[in-house]
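Asker: Please read through the structure below; I'll follow up with questions.
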Number of protein chains: 4
Amino acid sequence: MKALAEAEIVSTPGKHEGSSRTVRVAVAGATGYAGLELLRLLGRHRHARVTRLMSSGRDGKKEFPIEDSHPSLRGKFSVPCQPLSVEALQSEVDVVFLATPHQTALEIAPQLLERKLRIIDLSAAFRLTNVAAYPRWYGFEHSAQEMLQEAVYGLTELNSATIAKARLVANPGCYATSVILALAPAIKKGWIDIGAGIISDCKSGASGAGRGVSEKLHFVEVNENCRAYGLFSHRHVPEMLQELDLAEKDFIFTPHLLPITRGILSTTYVRLSNPRAHEEVVALYRDFYAGAPFVRVLGAGAPEIQSVAQTNYTDIGFSLDADGTRMIIVSALDNLIKGAAGQAIQNMNIMCGFAEGTALA
Amino acid sequence: MKALAEAEIVSTPGKHEGSSRTVRVAVAGATGYAGLELLRLLGRHRHARVTRLMSSGRDGKKEFPIEDSHPSLRGKFSVPCQPLSVEALQSEVDVVFLATPHQTALEIAPQLLERKLRIIDLSAAFRLTNVAAYPRWYGFEHSAQEMLQEAVYGLTELNSATIAKARLVANPGCYATSVILALAPAIKKGWIDIGAGIISDCKSGASGAGRGVSEKLHFVEVNENCRAYGLFSHRHVPEMLQELDLAEKDFIFTPHLLPITRGILSTTYVRLSNPRAHEEVVALYRDFYAGAPFVRVLGAGAPEIQSVAQTNYTDIGFSLDADGTRMIIVSALDNLIKGAAGQAIQNMNIMCGFAEGTALA
Amino acid sequence: MKALAEAEIVSTPGKHEGSSRTVRVAVAGATGYAGLELLRLLGRHRHARVTRLMSSGRDGKKEFPIEDSHPSLRGKFSVPCQPLSVEALQSEVDVVFLATPHQTALEIAPQLLERKLRIIDLSAAFRLTNVAAYPRWYGFEHSAQEMLQEAVYGLTELNSATIAKARLVANPGCYATSVILALAPAIKKGWIDIGAGIISDCKSGASGAGRGVSEKLHFVEVNENCRAYGLFSHRHVPEMLQELDLAEKDFIFTPHLLPITRGILSTTYVRLSNPRAHEEVVALYRDFYAGAPFVRVLGAGAPEIQSVAQTNYTDIGFSLDADGTRMIIVSALDNLIKGAAGQAIQNMNIMCGFAEGTALA
Amino acid sequence: MKALAEAEIVSTPGKHEGSSRTVRVAVAGATGYAGLELLRLLGRHRHARVTRLMSSGRDGKKEFPIEDSHPSLRGKFSVPCQPLSVEALQSEVDVVFLATPHQTALEIAPQLLERKLRIIDLSAAFRLTNVAAYPRWYGFEHSAQEMLQEAVYGLTELNSATIAKARLVANPGCYATSVILALAPAIKKGWIDIGAGIISDCKSGASGAGRGVSEKLHFVEVNENCRAYGLFSHRHVPEMLQELDLAEKDFIFTPHLLPITRGILSTTYVRLSNPRAHEEVVALYRDFYAGAPFVRVLGAGAPEIQSVAQTNYTDIGFSLDADGTRMIIVSALDNLIKGAAGQAIQNMNIMCGFAEGTALA
């Protein structure tokens, strides 16, 4: 694999903070909710310029102003939204965000890499290193196995060094981000009795299901309701197992649909190998996330969705029983920002040597 | 027109209150929101038995238990939901509720009448007496003009005598019910300066738009939002004009979509021909609705949606300016009950000689 | 303890189904949300007549029409809401519903029993048999220890025989109802590996917190939010432990606040002692609840809040992992009905020999 | 009145765009919703530094970290929230935002001006030039009549020249902003038949009512509800009349409470003196707001709340009847941003010579 032109950019992280250098950005899948959020954030990014917007069309139109899809962007972007085209991405583009269906991403990513573009893929097409996981969890055969090895799982707080040099970043799932950040410090430290089982009971707003219409997402079906879904079978399970190095028999993840637009609250139940005090746990996590500007470890209390909505933060808090052996970890994030578009831009910042929080803080 | 078999039933209103007589009821369009509400109410109606459930199918299935569509009805109805069939309605059915698209109702109603069934049509197919209004407001030519003359506009409080004898009741639109009930007493009494213009600014929950999927009704699009639609062009305008005997130039109706499941709040602005005191207006309305068990005229304050949700009531309140010449009428009802299924059953009760409030109070 | 006048009523359960006999009912705490729900349901109860409404006052008024507090009840109850008074309960009352604060119930219940009234207490004052639990979990000393032994825990499906004869029924907590019904069949059958730990992650609408004002319940704080609270410390824990015969170390209950008005969804995680098939579990639960008209055991899928809202049902469903050893039980109910007022009336029906579902089905 | 030290700052609008100059800002009333929004926006303002946070206390504490009140600000502000003190404002402060009750603002503003601070008052204490309006609409006598003449009504789009030089800016009410911006161009141009009456039917989210607790703002009372309030009597009426030069008899304003957190949708009904085409109206408004970066005039369709939520924009759209004489103007804004904190900062930017959109775009 040849060296990337972009690799040079990365060499001195932070050096562009005051610079006027600009990357040219394309967003594929611009009409979805993650697309909207990417555009909101990119619109205030001092080092990014959106040069291409692409989608599979809208209301029968192939080319249209993006504000037809997202009225809140009225007057913000002069570039029209056009059909997805690898050719059109050949000029005036440095970085491509893929907010498309998994299989679209799988198909075009190899062609984009060939053209020396850097990719941040918000789909799941390159998140799993085990190619056999795709037919089981996603229902399709994976056609680009070698790229699964190259792709970097873009959970910024865990993998920033490899992200910095990556050509292809697989942006994590929203639920996965909330669960992995909640568990990683304690698991890596060996504090959790994994054999006793770990349970993550997670609650998400409806934007997490995307903008595609279905009766299940009709306002009346979601409003004044809450339901569990994907029991023992949700697609974010394999990436959690992979990143946390857990066996399926030791972990349960249950997502629930909340009648809110955005936000995830994850309540994770673990047993500790040895009794711990609350402040020990706080110290462990604060140490682990010392260099991570977008993780806030609470010294007391539990986070809630409102505290992180419209931000790139993940808040994490803890409660232990009287014995100090059973622990509840509560984590919260905005599924469209830290769980999707925000983390994608955080990764772009690192890939391009910009300050990590550019457009996010 | 031949005498109705059913007409005999009607002869002595009220006589069935303590009786064990039962009408056999079919619901066409059972899988929609009005269908669900009809079934909820019919399930507790002591004189009705649901013998047929029909719909255009669900998830590719033509016949299925109704709880597949409405889990809240689990265990309530043993009769399956089947494809709409005039033939199947020939036996074991006395009354048919049509909660189908307008054009379906238009097509099958004549056949049902021929079979001597009585019909309560929740669509707009027979609401307008002027056949020319259909192409303009609904976009289709009306194929059964003679039935427009026979059909009775089923606003129970205004037309109960003709409803009692009707073969075909055109159940009013939800917005129309809230506006007509708010205006009828003052307009009929000549208290309103009609030339000064009447404005009804109405707000409705999302169930009013039906269960069909569309991006506009996606949870995320409706939640934390409010929008006006159908400005100067909503389909409920012609029935309001017709029933209130108003000219188009003197009336504005503006609907708005609220992020709630059910309920309509209508704020209507009028000028009075002569100054009036608040208590005069209250007295006028209380007198007008003296025999109407489901209209509550407030002596003070304005109604709100919560007070009427899950009920068949319409609440009406008034505010006058210091001069007593400008008046705001606020009316509230549940769009699925008084605005649809509840009023339909109220009409059935009157048609069949049952107590008006059976299953509704 | 003297025989109750009321005890005679109970002797032949079911005998009043067609009768015109009426119990006279008082509701103390009528201005709260449980009070409203009691009144809605009692208003359609063919064997109950509300003769006394009591509360601690409203807007500085001691006596007022109940519709001042609950506008939806406009025109429904002519009896005014008055200050709580044991004296006023001496005449024209057979059954008293206490929907008051715990300590109010604790204080007046003994006096009411002395006057031979039957009591259904919606507070927690008499739910726990262990008097020592009160200072720990509720923060007050219990002053009527002997009544804790007499009181019957009013989870209808488990205790109907003793409820039938009870003078004092302690109506269960809303969360507790959802968790106990979800676990009782499997625990009593010995199918659950209790030592492996049981976790109930529960989500409730805001009406569960009552009508008292606080910043935490301000619309803006609850809307578009979700938060965990009462970690390892919620007051419903001891009644769950008591009724399920569990030790504190083996059970975790975590409540969450949902941005909805009503409904509880409980997701309960257990390990089974031996592998089971899904249909075995369904059969066990269906058998256990064979005589319980208000528990619906799902043969497939998981219940959701909308299916039980505005009803007295508890829906229960199951999911097992591939090995059949880890099981998720999802249960749903309406916290104001099955979790409070509905179960209270269900208990009254059984106490008075009425059909169990009167006013509830 | 002495010249202001700050006046010099203002002399060359725009000159600070690239500068590193910083104003020191105090926020009084920091614990409310407008306070939170001010802090969010100020936190990303490149020329502002928050040096003082003040409030009347919280949970019995007089001094506390602001994140105790607003957890979303965790880690953002190191300065504690302290009791309101004119003395403490004497040092390290250039501009004071008052987000306090009206009478608090009335009391301290004169003292702050004396200390040569510049004030942006989000209360109504200085919005009305007619001192007699205060007892009628606000229920208190105004004690600083001379300041009513000096204060500038801070509707940025109409008054930017005087705002630039003002010592005391009276930030407009949220409803008033939405209505005045919707009407000003057509009224000033003389296109509206004012004698025919103007009606603004407005809908607002619950944050507009502030964070103070009351039963009316309990989640359960607001959720799944909509109600009109303040009919013919809302406090924002006089500022609308004043700024639009209308007589009370010609204008009706009716606010409604929506079950959403933030946003106002105003539907305004007017008659035109002469028939107009839609594009004429659009052209008039686009011309009028040509220099206003935060007003977006729609060429087609009606704005909705989601398009402006979380932004400082006001969107305005129009619908005319077939004759071109009756017009509906729909305007939408975020009540906490353009209707409060955003406009306040827009005003600060103009007062201080910063780019108008700093921290807002």
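The values are calculated or read from the model by the stated rules, or taken from the named source; none is laboratory data. Quick caveat: nothing in here was measured; it's all calculated off a predicted structure. So basically every Cβ, Gly included, is an ideal-geometry build from the backbone, and we count neighbours across all protein chains shown. These area figures cover heavy atoms from the full protein model, side chains too; ligands, DNA and RNA do not enter into them. Shrake-Rupley method; radii C 1.70, N 1.55, O 1.52, S 1.80 Å.
Asker: Considering (1) more than 9 Å from every other protein chain (Cβ to nearest Cβ); (2) free of Cβ contacts under 8 Å to residues at least 12 places away in the same chain; (3) open to solvent by less than 30 Å² (accessible area, probe 1.4 Å); (4) more than 26 Å from A:ASN347 (Cα to Cα), say which one A:LEU241 fails and leave the rest.
Answerer: (4)
Asker: Ok, one more. Could you please let me know if D:SER69 is more than 15 Å from D:VAL50 (Cα to Cα) and either touching a Lys or Arg at 6+ places or on another chain (Cβ under 9 Å) or within 14 Å of another protein chain (Cβ to nearest Cβ) (or both)?
Answerer: yes
Asker: Another question, then. Going through the stretch A:333-350 one residue at a time, which ones are open to solvent by 10 Å² or more (accessible area, probe 1.4 Å) and more than 13 Å from the chain's Cα centre (by Cα)?
Answerer: Within the stretch A:333-350, just A:ILE350 meets the criteria.
Asker: Could you please find all residues in the stretch C:283-332 being among the small types (Gly, Ala, Ser), open to solvent by 10 Å² or more (accessible area, probe 1.4 Å), more than 8 Å from chain A (Cβ to nearest Cβ) and over 15 Å from C:THR177 (Cβ atoms)?
Answerer: Hits for the stretch C:283-332 are C:ALA283, C:ALA290, C:GLY291, C:GLY299, C:ALA300, C:GLY301.
Asker: Of the conditions (1) buried (at least 24 other Cβ atoms within 10 Å of the Cβ); (2) within 29 Å of C:CYS202 (Cα to Cα); (3) in contact with a Lys or Arg (Cβ under 6 Å, 6 or more places away or on another chain), A:ASP193 clears all except one; give me its number.
Answerer: Here A:ASP193 meets the rest and fails (1).
Asker: So how many residues does the stretch A:341-357 have that are polar (S, T, N, Q) and farther than 15 Å from A:VAL25 by Cα?
Answerer: 1
Asker: Does D:PRO275 satisfy being part of a strand (DSSP E or B) and either within 26 Å of D:THR156 (Cβ to Cβ) or more than 8 Å from chain B (Cβ to nearest Cβ) (or both)?
Answerer: In short, no.
Asker: Considering only residues that are small (Gly, Ala, Ser) and either open to solvent by 60 Å² or more (accessible area, probe 1.4 Å) or under 10 Å from B:ARG24 (Cα atoms) (or both), which ones fall in the stretch B:81-94?
Answerer: Listed by number, the list holds a single entry, B:SER91.
Asker: Quickly run through the stretch B:27-62 and pick out the residues that are of a type in the set (A, V, I, L, M, F, W, C) and either under 19 Å from the mean Cα position of the chain (by Cα) or more than 18 Å from B:ARG211 (Cα to Cα) (or both).
Answerer: B:VAL27, B:ALA28, B:ALA30, B:ALA34, B:LEU36, B:LEU38, B:LEU39, B:LEU41, B:LEU42, B:ALA48, B:VAL50
Asker: How many residues, within the stretch D:121-135, are of a type in the set (Phe, Trp, Tyr) and assigned to a loop (DSSP other than H, G, I, E, B)?
Answerer: Number satisfying all stated conditions: 1.
Asker: Determine if the stretch A:95-116 includes at least one residue that is crowded, with 22+ Cβ neighbours inside 10 Å and among the hydroxyl-bearing types (Ser, Thr, Tyr).
Answerer: Yes, because at least one residue in the stretch A:95-116 is crowded, with 22+ Cβ neighbours inside 10 Å and among the hydroxyl-bearing types (Ser, Thr, Tyr).
Asker: Okay, next question. Looking at (1) within 14 Å of chain A (Cβ to nearest Cβ); (2) part of a loop (DSSP other than H, G, I, E, B), can you tell me which one C:ARG235 breaks?
Answerer: (1)
Asker: Quick one: how many residues across the stretch D:205-226 are under 21 Å from the mean Cα position of the chain (by Cα) and more than 9 Å from chain B (Cβ to nearest Cβ)?
Answerer: Matching residues across the stretch D:205-226 total 7.
Asker: Moving on to the next point. Looking at (1) facing chain C (nearest Cβ under 7 Å); (2) out of contact with any helix residue (DSSP H, G or I) (no Cβ under 8 Å at 6 or more places or on another chain); (3) more than 18 Å from A:ALA196 (Cβ to Cβ), which one does A:TYR229 not meet, given that it meets all the others?
Answerer: (1)
Asker: Further question on the same structure: Farther than 19 Å from B:LEU257 by Cα, within 11 Å of another protein chain (Cβ to nearest Cβ) and surrounded by fewer than 19 Cβ atoms within 10 Å (Cβ to Cβ): is that true of D:ALA361 in this structure?
Answerer: Judged against the criteria, D:ALA361 is a match.
Asker: Next question. Check off (1) surrounded by fewer than 24 Cβ atoms within 10 Å (Cβ to Cβ); (2) in a helix (DSSP H, G or I) for D:ARG211 and give me the number that stays unchecked.
Answerer: If we test D:ARG211 against (1) surrounded by fewer than 24 Cβ atoms within 10 Å (Cβ to Cβ); (2) in a helix (DSSP H, G or I), just (2) comes out false.
Asker: Please pick out the residue among B:ARG115, B:ARG167 that is without any contact (Cβ under 8 Å) to a residue 40 or more places away in the chain and of a type outside the set (Asp, Glu). Break it down into steps so the answer makes sense when it comes.
Answerer: Working: B:ARG167 fails: without any contact (Cβ under 8 Å) to a residue 40 or more places away in the chain.
The match here is B:ARG115.
Asker: Of the conditions (1) under 20 Å from A:GLU224 (Cα atoms); (2) buried (at least 17 other Cβ atoms within 10 Å of the Cβ), B:ALA176 fails just one. Which one is it?
Answerer: Here B:ALA176 meets the rest and fails (1).
Asker: Return the residues of the stretch D:72-111 that are within 17 Å of D:VAL50 (Cα to Cα), more than 14 Å from every other protein chain (Cβ to nearest Cβ) and among the hydrophobic types (A, V, I, L, M, F, W, C); say none if nothing qualifies.
Answerer: D:VAL79, D:CYS81, D:LEU84, D:VAL86, D:ALA88, D:LEU89, D:VAL93, D:VAL95, D:VAL96, D:PHE97, D:LEU98, D:ALA99
Asker: Taking B:GLU141, is it more than 21 Å from the chain's Cα centre (by Cα), outside any loop (DSSP other than H, G, I, E, B) and without any contact (Cβ under 8 Å) to a residue 12 or more places away in the chain?
Answerer: No; evaluated as a whole, the condition is false for this residue.
Asker: Taking the stretch B:42-80 as the region of interest, how many residues are part of a helix (DSSP H, G or I), under 20 Å from B:GLU92 (Cβ atoms) and either in contact (Cβ under 8 Å) with a residue 40 or more places away in the chain or open to solvent by 30 Å² or more (accessible area, probe 1.4 Å) (or both)?
Answerer: Counting residues in the stretch B:42-80 that are part of a helix (DSSP H, G or I), under 20 Å from B:GLU92 (Cβ atoms) and either in contact (Cβ under 8 Å) with a residue 40 or more places away in the chain or open to solvent by 30 Å² or more (accessible area, probe 1.4 Å) (or both) gives 1.
Asker: Quick check on my filter: what residues within the stretch C:154-197 are away from chain A (no Cβ under 14 Å), assigned to a helix (DSSP H, G or I) and among the small types (Gly, Ala, Ser)?
Answerer: The answer is C:SER160, C:ALA161, C:ALA164, C:ALA176, C:ALA184, C:ALA186.
Asker: Quick one: B:SER200 ticks every box in (1) within 14 Å of chain D (Cβ to nearest Cβ); (2) surrounded by fewer than 23 Cβ atoms within 10 Å (Cβ to Cβ) except a single one, so which number is it?
Answerer: Among (1) within 14 Å of chain D (Cβ to nearest Cβ); (2) surrounded by fewer than 23 Cβ atoms within 10 Å (Cβ to Cβ), B:SER200 violates only (2).
Asker: Quick check on my filter: what residues within the stretch C:246-272 are without any contact (Cβ under 8 Å) to a residue 60 or more places away in the chain and either more than 9 Å from chain A (Cβ to nearest Cβ) or surrounded by fewer than 16 Cβ atoms within 10 Å (Cβ to Cβ) (or both)? Please lay out each step first, then the result.
Answerer: Initially, the stretch C:246-272 is screened for residues without any contact (Cβ under 8 Å) to a residue 60 or more places away in the chain, giving C:246-252, C:254, C:256-261.
Residues satisfying the conditions are C:LEU246, C:ALA247, C:GLU248, C:LYS249, C:ASP250, C:PHE251.
Asker: Do the conditions hold for A:SER200, that is, is it of a type in the set (Gly, Ala, Ser), at pLDDT below 95 and not in a helix (DSSP H, G or I)?
Answerer: Working: of a type in the set (Gly, Ala, Ser): yes; at pLDDT below 95: no; not in a helix (DSSP H, G or I): yes.
Here the answer is no, as A:SER200 does not meet what is asked.
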